[in-house]
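Let me give you the structure first, and then I'll get to my questions.
The values are calculated or read from the model by the stated rules, or taken from the named source; none is laboratory data. Remember, it's a predicted structure, so these values are computed and weren't measured experimentally. As a convention, Cβ positions derive from the backbone with ideal geometry for all residues, glycine included, and neighbour counts pool all protein chains shown.
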Amino acid sequence: MSPPGGPKGEYPRAQPEGTPVSSVASAEMLERRPTRSPLAKFLESHGQELVLLAALVVIFVAVGLYNPRFLGSNNLNAIFAGNAYIAVAAIGMSLVIISGHIDVSVGALIGVLATIAGTLAVKGYSPWVCWAVPVLCGMVVNAFIGVLVAYARIPSIVVTLGMLSVLKGGLISVTGGAWISNLPQDFLIAQMRLFGMPSPIWFMLILTAVMALWMKYSGAGRAIYAIGGNGDAARAVGIPIERGTVLVFAFHGFFAGLAALLLATQLQVIQSTVPNGLELSIITASVIGGVSILGGTGTVIGSTLAAILFAAIGSALIFVNVSAYWLRSVVGLLILVTVLADMARRGRIN
């Protein structure tokens with residue numbers, strides 16, 4: 001015979017007068033629901049980053065065993081330092097996508113800002129002026145985009161498509177695609193080293209770490225997730241969505257300016273054109289890094305790892321004697337898989 005109150009000897013809890021039975025049942029279910037371990041929570045919140053990190057380890061180990069030159073210092077420098085500008089730009093793009101928007105003009109903006117930096121350098125301005133002006137210009141241009149998106153209610157894809165044409169056409173019209181040469185050595189910030197490591201890697205690591213902490217622990221950072229996840233709910237709790245949107249785009253311009261400096265100072269010359277497909281590389285790094293194209297979720301750590309992964313895959317294809325054009329197919333497949341996985345996670349696939 002079962003003990004009183006049930007098979008486990010538990011007596012029914014006394015219900016306060018007037019308490020609905022369903023409320024008591026729900027409370028008991030919540031109390032009995034098993035709590036997740038810290039490891040499970042960590043895996044859930046950082047699963048995408050761990051997958052990307054594991055993929056990088058597999059590529060470096062497998063291709064390094066097949067062709068040891070893949071792990072040579074020159075190639076590693078090309079993978080990490082040579083593509084750090086994409087990772088830096090992807091930090092800003094991640095903020096924009098998390099907030100529920102998109103920017104397809106970032107490649108053109110980086111081309112324009114790189115040209116501005118190089119032009120100031122050859123005219124003899126101080127390196128600090130040459131570094132600061134493009135960053136400030138990037139913030140101003142993107143803050144203007146943010147104002148149009150937030151206050152004029154124009155979709156970001158429309159605003160940035162228009163800005164793409166303005167910047168791209170204006171750059172070619174003004175410069176004719178000419179090369180900027182004779183850059184002063186003290187201007188070439190991407191060729192500087194700190195403790196033996198190229199400065200672009202330091203920029204990439206420090207900016208990623210700072211923004212990851214800011215997004216996680218600051219009120220403004222968490223507000224960006226709220227704006228992209230559910231704008232109506234964010235407005236209801238007092239989050240200034242319009243001001244937050246302008247702030248996000250201004251941040252995006254800041255990182256675009258830094259990325260332009262790293263791109264412009266990699267070599268001794270600057271081509272005054274828009275880098276082909278750069279905006280797609282930046283957006284792809286953010287999306288495959290775990291930033292939901294629907295907004296509201298993602299981290300800048302994932303976008304940085306994804307940018308490095310693309311560079312590693314492209315280099316690996318060369319070292320295993322496979323056409324580098326396959327990189328586009330691989331990246332396209334990764335985009336589809338990532339977006340489908342995100343939609344499934346959100347319950348949008350029946």
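Could we say that VAL133 is touching a helix residue (DSSP H, G or I) at 6+ places or on another chain (Cβ under 8 Å), among the aliphatic types (A, V, I, L, M), surrounded by fewer than 24 Cβ atoms within 10 Å (Cβ to Cβ) and not in a helix (DSSP H, G or I) here?
On the way: touching a helix residue (DSSP H, G or I) at 6+ places or on another chain (Cβ under 8 Å): yes; among the aliphatic types (A, V, I, L, M): yes; surrounded by fewer than 24 Cβ atoms within 10 Å (Cβ to Cβ): yes; not in a helix (DSSP H, G or I): no.
Criteria not met by VAL133.
Ok, one more. Would you check which residues across the range 227-241 are touching a residue at least 24 places away in the same chain (Cβ under 8 Å) and assigned to a helix (DSSP H, G or I) and list them?
Within the range 227-241, ILE227, GLY228, GLY229, GLY231, ILE241 meet the criteria.
I've got another one for you. For the range 63-82, enumerate the residues that are part of a helix (DSSP H, G or I), surrounded by fewer than 15 Cβ atoms within 10 Å (Cβ to Cβ), of a type in the set (Gly, Ala, Ser) and without any contact (Cβ under 8 Å) to a residue 60 or more places away in the chain.
Our first condition is that a residue be part of a helix (DSSP H, G or I); within the range 63-82, this holds for 63-66, 68-71, 73-80.
Those still in the list that are surrounded by fewer than 15 Cβ atoms within 10 Å (Cβ to Cβ) too: 65-66, 68-69, 71, 73-74, 77-78.
Then keep just the ones that are of a type in the set (Gly, Ala, Ser); that gives 73, 78.
Residue satisfying the conditions is SER73 alone.
A further question follows. List, please: which pairs have Cβ atoms under 9 Å, are six or more places apart or on different chains, and start with a residue in the range 189-200 that is assigned to a helix (DSSP H, G or I) and end with one that is surrounded by fewer than 11 Cβ atoms within 10 Å (Cβ to Cβ)?
Note: pairs meeting the criteria are GLN191/GLN185.
Is it true that SER156 is under 17 Å from VAL122 (Cβ atoms), touching a residue at least 24 places away in the same chain (Cβ under 8 Å) and among the polar types (S, T, N, Q)?
The answer is no for SER156.
Further question: Please verify whether the range 300-315 includes one or more residues that are out of contact with any helix residue (DSSP H, G or I) (no Cβ under 6 Å at 6 or more places or on another chain), touching a residue at least 60 places away in the same chain (Cβ under 8 Å) and surrounded by fewer than 18 Cβ atoms within 10 Å (Cβ to Cβ).
So far as the range 300-315 goes, no, none of its residues is out of contact with any helix residue (DSSP H, G or I) (no Cβ under 6 Å at 6 or more places or on another chain), touching a residue at least 60 places away in the same chain (Cβ under 8 Å) and surrounded by fewer than 18 Cβ atoms within 10 Å (Cβ to Cβ).
When the range 153-174 is examined, which residues are found to be of a type in the set (Lys, Arg) and surrounded by 14 or more Cβ atoms within 10 Å (Cβ to Cβ)?
LYS168 - this is the single residue of the range 153-174 that is of a type in the set (Lys, Arg) and surrounded by 14 or more Cβ atoms within 10 Å (Cβ to Cβ).
Out of all the residues in the range 223-234, is one or more closer than 25 Å to LEU148 by Cβ, hydroxyl-bearing (Ser, Thr, Tyr) and surrounded by fewer than 21 Cβ atoms within 10 Å (Cβ to Cβ)?
Yes - at least one qualifying residue is present in the range 223-234.
Right, next: Test of understanding: among ILE172, ILE206, which residue is of a type in the set (Val, Ile, Thr) and touching a residue at least 60 places away in the same chain (Cβ under 8 Å)?
ILE172
Only one residue in LEU258, LEU278 is at pLDDT 90 or above, at negative phi, surrounded by 13 or more Cβ atoms within 10 Å (Cβ to Cβ) and of a type outside the set (Asp, Glu), so which one is that?
LEU258
Name, by its number, the condition in (1) part of a helix (DSSP H, G or I); (2) buried (at least 24 other Cβ atoms within 10 Å of the Cβ) that does not hold for HIS101.
It fails just one condition, (1).
Inside the range 316-337, can you point out the residues that are part of a loop (DSSP other than H, G, I, E, B) and either of a type outside the set (Gly, Ala, Ser) or touching a residue at least 40 places away in the same chain (Cβ under 8 Å) (or both)?
VAL320, ASN321, VAL322, TYR325
Go through the residues of the range 188-197 one by one and say whether even a single one is surrounded by fewer than 18 Cβ atoms within 10 Å (Cβ to Cβ), within 16 Å of the chain's Cα centre (by Cα) and of a type outside the set (A, V, I, L, M, F, W, C).
No, the range 188-197 has no match at all.
Collect the residues in the range 104-130 that are in a loop (DSSP other than H, G, I, E, B) and surrounded by fewer than 24 Cβ atoms within 10 Å (Cβ to Cβ), keeping them in residue-number order.
Residues satisfying the conditions are VAL104, LYS123, GLY124, TYR125, SER126.
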